[in-house]
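The structure appears right after this line, and notes come after that.
The values are calculated or read from the model by the stated rules, or taken from the named source; none is laboratory data. The shown structure was predicted, so the numbers you read here are calculated from the model rather than taken from an experiment. With ideal geometry, Cβ positions are generated from the backbone for all residues, glycine too; neighbour counts draw on all protein chains shown.
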Amino acid sequence: MKTITSVFVAAGALVTSACAGDKDHGISKQDVLDAQKAWGDGIVAIGKVYSDKGDYSARAAEHIRTLYAYGKSEVLFKPTLASDDQFRETFDEALSYFVKGSISEDTGFAIRPWSSVRFGEQQIITDSDSAVAMGNYFFTPVGETDETKVEYTFGYMKDKDGNLRINVHHSSLPYAK
């Protein structure tokens, strides 16, 4: 039987509840929090390289290669600002979304640029070989103070080398009445 741990993170407080015993997890909630930090830092870094007139496409490709499961597993990726070509099944389609490329609606989400990405309140479920996190994350554009709130669900898996990889990424703007 798999052990499932639910974690709710809000305003700096971490509350955990466990089911089916205290068995060690292959993926811990800290692994997920570390992966989220790496993802947010990577988005900021891509924009910085773009602003500095560096090779931002190479930085974005590294971000995707390091954090996503393309080439190791199927990846379900529904970007925040995609409406015509809503789902990005390949590495190249993901790269297009982040830095503006082969898909005409893409404007380069990661080259906006952003000064920070912050994960807010969320729930995290982990087990021995996968994890899912759902909540809000907040993007602050360079030179601004107002954050853009986005809803997300990320799924994670471990690759054969034990690295945590994103295999599900669904992101959308909150419903507006």
Subset of segment 123-158 [in contact with a Pro (Cβ under 8 Å, 6 or more places away or on another chain) and farther than 14 Å from residue 173 by Cβ] = 141, 142
message = Looking at segment 72-86, I want the residues that are in a loop (DSSP other than H, G, I, E, B) and have a partner that is basic (Lys, Arg) and surrounded by 15 or more Cβ atoms within 10 Å (Cβ to Cβ) with Cβ atoms under 9 Å, at least 6 apart or on another chain. Which pairs are those?
response = 72/165; 73/165; 75/88; 75/165; 79/88; 82/88; 86/78
message = Residue under question is residue 71, and the condition is that it be closer than 17 Å to residue 39 by Cα and either hydroxyl-bearing (Ser, Thr, Tyr) or over 13 Å from the mean Cα position of the chain (by Cα) (or both); does it hold?
response = no
ask   = Condition test on residue 159, is it closer than 17 Å to residue 64 by Cβ and modelled with pLDDT under 95?
value = yes
inquiry  = If I filter segment 11-34 for residues that are closer than 30 Å to residue 112 by Cα, modelled with pLDDT of 95 or more and among the aliphatic types (A, V, I, L, M), do I get at least one hit?
reply    = yes
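Each row is one residue, and each column tells you yes or no for (1) surrounded by fewer than 16 Cβ atoms within 10 Å (Cβ to Cβ); (2) touching a residue at least 24 places away in the same chain (Cβ under 8 Å); (3) of a type in the set (S, T, N, Q); (4) not in a loop (DSSP other than H, G, I, E, B).
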position	(1), (2), (3), (4)
61	no, yes, no, yes
70	no, yes, no, no
95	no, yes, no, yes
102	yes, no, yes, no
110	no, yes, no, yes
121	yes, yes, no, yes
query = If you take the residues in segment 123-138 that are touching a residue at least 40 places away in the same chain (Cβ under 8 Å) and under 23 Å from residue 82 (Cβ atoms), which one is surrounded by the most Cβ atoms within 10 Å (Cβ to Cβ)?
reply = 133
